[in-house]
Structures are given as structure tokens and as C-alpha cells.
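Down below is the structure, laid out as C-alpha cells.
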């Protein structure tokens with residue numbers, strides 16, 4: 001079942017339907033930094049990340065608040081299935097601009113969409129199956145079917161969802177799915193569609 | 001079992017040319033002559049000394065992508081040296097690694113297209129995908145069974161040989177042509193330049209003053225066969241793949257962890273699979289890119305695993321440059337060459353050991369040695385670490 005879900009939209013971070021952090025009137029860069037500060041975790045690498053990774057990192061922190069998955073699962077039993085529409089275009093554009101003067105190694109290493117997956121895996125010591133899909137819009141059926149396939153074996157938990165950013169536009173829906181735990185909703189196409197669509201679509 | 005090998009790189013277009021270059025300590029690294037780039041007289045590279053047109057002529061192919069032509073050339077040499085009567089008789093597969101695929105041609109397309117979206121020859125982009133390179137090689141060598149393409153950055157072709165060994169061990173295939181190919185492209189040259197890890201001088205792997213890598217290009221393939229095939233085709237294979245492991249460093253997008261935890265795990269686990277101990281390894285073909293980070297990380301892992309009983313070791317990237325997705329295949333061919341000829345290869349331009357590690361690589365070509373087991377390392381971006389062991393077959 002889906003045991004937690006996190007949505008980052010319109011300068012709000014929402015966990016399981018409840019607003020956890022909110023900050024109006026700041027741009028995305030400032031919002032991300034302040035959201036990180038509010039977590040009171042010590043992970044200086046956050047400052048080096050691109051916005052896609054920062055968004056994924058923050059959402060994953062929310063899902064795993066006060067909890068280590070490794071208490072319940074081996075590192076290989078946790079999967080990660082992410083998707084978005086704009087790949088790493090946000091960072092690709094920044095890198096292209098920087099390369100007109102001096103190409104930045106710090107930006108270059110984020111010019112792939114699955115770097116956010118790596119950042120989440122490193123942070124939470126996840127070593128299971130992972131995949132990153134680029135699709136025009138959040139596809140609940142793809143997410144449900146693919147994750148079910150990944151979890152058909154020994155995998156006990158997966159972090160899945162949507163992490164998208166391009167310029168000032170961003171949209172994050174990340175959830176934790178655990179095979180043998182009671183939770184908020186069944187991991188089905190219908191439930192994913194509903195959870196994704198019901199929160200904060202006023203941006 | 002390894003039935004045949006084939007290689008093309010900056011130091012030669014065939015096995016004999018390659019061995020000769022090692023004996024003469026003749027590096028293939030020099031100024032850019034083939035690739036059109038702004039870095040032409042700035043960055044040294046390990047280019048294959050043939051134009052794409054010449055390669056097409058030699059391989060009797062149309063001027064498809066350079067990556068595919070290099071692959072076809074090396075794969076054919078491997079098949080010819082294996083002496084199998086007909087690949088069609090067996091369940092034969094091709095597993096080819098590449099990181100750039102047909103990008104060399106895509107770059108030709110891109111310039112006119114950037115000027116005007118109605119310009120650019122679409123024919124230049126049809127083989128862009130990595131898998132297309134494998135299909136072109138398969139067609140040229142007449143393999144139409146199992147095909148697979150692997151891209152795990154610089155560990156790619158060790159992983160393709162690993163997969164090939166496993167498919168044969170499990171009885172799923174009889175013969176597999178496995179290795180990798182990569183051509184130099186603007187994309188990789190500019191990308192590595194952005195990371196500030198290209199040396200403007202020829203690289204100095206494992207030296208205290210090392211200051212980055214030189215990119216190279218080429219292809220290396222093995223023909224692996226089952227014991228049944230070896231017996232039926234009367235192939236006197238001299239070595240087999242005895243151990244392998246693929247691990248992840250989980251540290252950084254492009255850098256290795258300073259303590260080399262991924263590379264340590266790969267080497268240790270490949271030893272476990274082979275049932276050998278560190279004493280049994282006679283030569284290590286290092287990943288040894290010449291970057292500050294790789295050599296420190298790899299050296300730390302080697303010191304930890306082998307402590308003060310280190311075998312002879314060297315980085316042949318000082319000859320070929322770093323051939324990315326092809327390096328595991330090319331260095332697998334070198335590893336087999338070491339066993340076949342009882343030799344080890346020099347690590348060029350080495351002067352002083354890294355002070356924190358004190359590792360002194362082999363600096364001269366040496367032959368007349370008993371080389372029973374060779375370990376070859378390939379570590380890629382994304383923390384992807386692979387180690388493979390080739391062992392002499394005792395008769």
C-alpha cells in the first residue's frame with residue numbers, strides 16, 4: 001500500500017495531505033533553500049544539487065521522516081521509479097548558458113535526469129531496482145504497472161512518482177509504496193491518479 | 001573460454017601491431033588529426049590512425065558511423081582468430097558496449113541543422129542510438145541471434161564480457177562475441193573538458209604529478225565459447241574468464257569515493273567468484289585513467305586488498321588513451337595477450353609514486369614471464385565498478 005505521499009506545488013510541501021511547509025512570495029531557489037533549512041538535517045551536499053535533485057531530495061526526506069527504510073528492508077529490497085516531462089532540461093539550459101563563458105563542472109554533472117535518483121539512493125542507502133521515465137505527463141498506469149513488476153520479486157518497498165522542473169514551473173508527487181504494510185491507499189492506477197490530482201492545483 | 005581476440009586502437013589496427021607497439025613502448029597519444037574540433041592543437045588524444053573513409057574501405061562497408069566501423073574491424077579480427085568453422089552452427093550472440101554510438105555522425109548533422117532547421121542530412125542521424133551500432137556490427141559479422149548493447153560509461157565493455165560469460169555458463173548461448181567500441185566525438189571531448197579532467201600533456205597514470213586523462217578511441221572484442229564448442233571446433237583456448245564482479249560506489253555522479261569502496265568490492269568479489277586469492281594474480285591491468293581522483297581511489301583499494309604483496313600492474317591507457325565504453329574490451333584483449341605471450345605492459349611516463357600510496361607500476365615491457373591470472377579493472381561514471389579475471393587453462 002501507499003504508506004506516505006508528498007506533493008511539492010505552489011510553494012507548499014504537503015505530506016499525506018497536510019501542509020508541512022509553506023512559503024509564499026519567494027522564487028523557487030529561495031523556497032528550496034528555506035524548505036531545506038526547515039528540515040534541520042545536516043546534508044551539505046544539498047547546496048550543490050540542481051533544482052531537480054533538490055526537489056526530489058526534499059520530497060524523499062518527507063516520505064522517510066523519522067524513519068530509516070533499512071530497519072525494515074535490505075538496501076537491495078527498496079526500488080526507485082521516477083518520471084517527469086522535462087528530463088534535466090532545466091539544468092541543461094543553465095549549463096548551456098555557462099558554457100558560453102566557462103563550462104561549469106558542477107552543473108555538467110547534473111545534466112542527466114536520473115541524477116536525482118542517484119542523490120536519493122545515496123542519501124537513503126537504497127540499492128534496489130531503479131528506473132526513470134520521461135513522459136509528457138504523469139502516467140499513473142505506467143507507474144502502477146511498472147512498479148508492480150519491479151515489486152513482484154523480493155523488493156519490499158519502492159519510492160515512486162513524478163519530479164519535474166523547468167524554470168519557475170515545478171511539480172512533485174512522490175510516494176512510498178510498501179508491499180506488506182497497511183497504508184493510506186492501495187497502489188493502483190486509480191488511487192495514484194486521485195492522489196496526484198487532488199492536491200493544490202491552483203498554481 | 002576465450003577462443004579469439006581482436007583489437008583496434010591508437011597503437012595499432014591489429015593484434016600484432018598492438019604487441020609491437022607495447023614492445024617498442026610506442027604510445028599512440030598525440031595531436032588530433034581526424035576529429036574536427038576547437039581543441040585540435042590543445043588536447044592530445046589517442047586516435048585510431050585511419051580516417052573514417054579508410055576504415056570503411058578496409059571493412060568493405062559504407063561510411064556508416066566510425067563507432068560501428070571500429071567495432072566491425074575488431075570483431076572480425078576476433079572471429080578470424082577464434083578459428084570457428086561457422087558461427088551459424090552455434091547459438092551465437094553479440095554483446096557490444098558503446099557510450100557514444102553513432103554520435104560522431106549526429107555531430108555532422110547538427111551544425112548545418114543549427115543554422116537552418118531545414119538543413120542537415122537525416123541519413124547522418126539514423127544510427128545515433130547505441131543499439132544501432134550493435135546491429136550494424138551484427139549484420140557485418142553475420143550474427144542474428146542474441147544481441148545486446150551495454151552502456152554503463154567506462155565499465156561498459158567489461159560488463160558486456162561479464163554478461164557473455166554468464167550466458168555461456170548458464171547454457172543459454174554457445175558462442176558470444178563480446179566487447180565494446182567507441183569513437184572520439186566532440187561531445188565526449190567537450191564533456192570531459194567541462195569536468196576539467198583532461199590533461200593537455202600525454203597522461204601519466206599512477207604518477208604523483210598526474211593531471212588528468214587523454215581520451216582515446218577504438219574497439220576490443222573477445223570470442224567466448226562454451227567447453228562443448230571448444231571441444232567440437234578443436235579450439236585450444238589458452239584462457240577463460242574465471243571471475244567477475246560489478247559493484248557500485250554510490251558516492252558521486254562522476255567521481256570515485258576517495259577510499260575506492262566500489263573498486264575494492266569489485267576486485268574482492270571477482271576474486272571470490274574465481275576462487276583465487278590475491279597471491280594468484282600475476283598482473284593487474286589498471287583502470288588507471290590518470291585523473292587525480294581515479295588513480296588515488298583505485299590505488300587505495302589495491303593497497304587495501306593486496307597490501308604489500310602487489311602483483312605487477314600498469315595502465316595501458318598511457319598508450320591508448322581512455323577509450324571509454326571500449327576500454328574494458330580493449331584491455332581484456334591486452335589481458336589475454338599477457339597470458340598468451342607471458343608478458344606485461346609498461347605504464348608510460350611514470351616517474352614518481354603517489355606519496356600517499358607508494359605504488360610503483362611496471363615501467364618496462366617484460367616477457368618470458370609466467371602469467372597465469374590477470375585482473376582487469378574498469379570503473380565508470382555513476383560509480384559503476386567492474387573487475388574481471390582471466391585465467392590460463394592448465395593442460
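Can you say what percent of the DSSP beta bridges in the protein assembly as shown, counting only those with both residues inside, are antiparallel? Round to 5.
Restricted to the protein assembly as shown, the bridges split so that about 65 percent are antiparallel.
Can you give the % of DSSP beta bridges in chain B that are antiparallel, to the nearest 5? Please list the in-between numbers first.
Values: 36 of 56 bridges.
Approximately 65 percent, going by the DSSP bridge assignments.
Please give, to one decimal in nm, the separation of the simple spin-label points placed at residue A:22 and residue B:366, each 7 Å out from Cα toward the Cβ.
About 7.3 nm, to one decimal.
Compute the convex hull volume of the Cα atoms of the range B:2-392, divide it by the residue count, and report the result per residue in Å³ as a whole number.
Working: hull volume 48.3 nm³, N = 391.
So the per-residue Cα hull volume is 123 Å³.
Pop the C-beta distance of residue B:114 and residue B:259 into the FRET formula with R0 = 35 Å and round what comes out to the nearest 0.05.
0.20
For the protein assembly as shown, would you read off the P(r) tail past 36 Å as a percentage of all alpha carbon pairs? Intermediate results must be reported in sequence, preceding the final value.
On the way: 70379 of 178503 pairs.
Summing the P(r) tail past 36 Å for the protein assembly as shown gives 39 percent.
Subtract the Cα-Cα distance of residue A:41 and residue A:180 from 0.36 nm times their separation in residues, and report this length gain in nm to one decimal. Numbers along the way, then the final one.
Numbers: separation 139, 0.36 × 139 = 50.04 nm, distance 2.90 nm.
Length gained, residue A:41 through residue A:180: 47.1 nm.
Hey, what D do you get for the range B:225-349 in µm²/s if you plug the Kirkwood alpha-carbon radius into Stokes-Einstein at 37 °C and 0.692 mPa s?
It comes out at roughly 207 µm²/s.
Students often check this: by mean Cβ neighbours within 10 Å, which of B:301-314, B:197-210 ranks highest, and how do the rest follow?
On the way: B:301-314: 17.6, B:197-210: 20.5.
Highest to lowest by the protection proxy: B:197-210, B:301-314.
How far apart, in nm, are two points set 7 Å out from the Cα along the Cα-to-Cβ line at residue A:100 and at residue B:86?
Result: 6.2 nm between the two label points.
What is the fewest-to-most order of B:64, B:72 by other Cβ atoms lying within 10 Å of their Cβ?
Details: B:64 22, B:72 28.
By the 10 Å Cβ count, ascending: B:64, B:72.
What value in Å³ per residue do you get for the convex hull of the alpha-carbon atoms in the range A:2-197? Please report the intermediate quantities before stating the final value.
On the way: hull volume 21.9 nm³, N = 196.
Convex hull volume per residue, Cα atoms: 112 Å³.
Restricting the count to DSSP beta bridges whose residues both fall in the range A:2-197, what percent are antiparallel, rounded to a multiple of 5?
Details: 25 of 36 bridges.
The antiparallel fraction comes to roughly 70 percent.
Once the Cβ-Cβ distance between residue B:14 and residue B:121 is put in as r, and R0 is 30 Å, what FRET efficiency do you end up with, to the nearest 0.05?
Details: r = 32 Å, r/R0 = 1.08.
With R0 = 30 Å, the Cβ-Cβ based efficiency is 0.40.
Run the helix sum for chain A: -39,500 (n - 2.57) per DSSP H stretch of 4+ residues, divided by residue count, reported at 222 nm to the nearest 500 deg cm²/dmol. Provide the component values of the computation, followed by the final result.
Details: 7 runs with 70 residues, N = 203.
For chain A, the value works out to -10000 deg cm²/dmol.
Can you tell me how much longer the chain between residue B:41 and residue B:309 gets when fully stretched, taken as 0.36 nm per residue apart minus their C-alpha distance, in nm with one decimal? Let's see the in-between values first.
Values: separation 268, 0.36 × 268 = 96.48 nm, distance 4.23 nm.
So the extension gain works out to 92.3 nm.
Where a number appears in this text, it was derived from the coordinates with a stated rule and is not lab data. Just so we're clear, the structure is a prediction, and the values are computed from it rather than from any experiment. Using ideal geometry, Cβ is built from the backbone for each residue, glycine included, and neighbour counts are taken over all protein chains shown.
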